[in-house]
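> Please find one structure pasted underneath; my questions will follow.
The values are calculated or read from the model by the stated rules, or taken from the named source; none is laboratory data. Owing to the predicted nature of the structure, the values given are computational and were not obtained by experimental measurement. All accessible areas refer to the heavy atoms of the entire protein, side chains included, with ligands and DNA or RNA removed. Shrake-Rupley method; radii C 1.70, N 1.55, O 1.52, S 1.80 Å.
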Amino acid sequence: MNEEGYIREQVGTGNPFRVPDNYFEQFAERVMQQLPERQKKSRLVALRPWLLAAACLVAVVVMSLTVLFNQQPAEGQMAANNETATYMDEAADYAMLDNTEIYACLADY
């Protein structure tokens, strides 16, 4: 407390800072004049949210159509399974494997 009291005696308690007259009356106008002018937004920047939404919608539609048209009907799946079984039979015939040897190979796994 002694130091603080000493400083107040030496300097005083008055505010040494003064604001010029009418400083805050036109403060906002002066600041706005000093700012660089804003360029108008281009149409592309203004439409960006809509373009992004449209791109997402197109992506969802394309993916949905891809999944819808790439599904094989049950008959097609059976045909694919039959083709795989035929291929396996042909491979076994080519390798001259009988059922016992095939079972032995499968038992190893």
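> Of a type in the set (Asp, Glu), open to solvent by 100 Å² or more (accessible area, probe 1.4 Å) and at pLDDT 85 or above: is that true of Glu3 in this structure?
So Glu3 passes the test.
> Any residue in the range 36-43 that is at pLDDT 85 or above, hydroxyl-bearing (Ser, Thr, Tyr) and part of a loop (DSSP other than H, G, I, E, B)?
Looking for residues that are at pLDDT 85 or above, hydroxyl-bearing (Ser, Thr, Tyr) and part of a loop (DSSP other than H, G, I, E, B), one finds none in the range 36-43, hence no.
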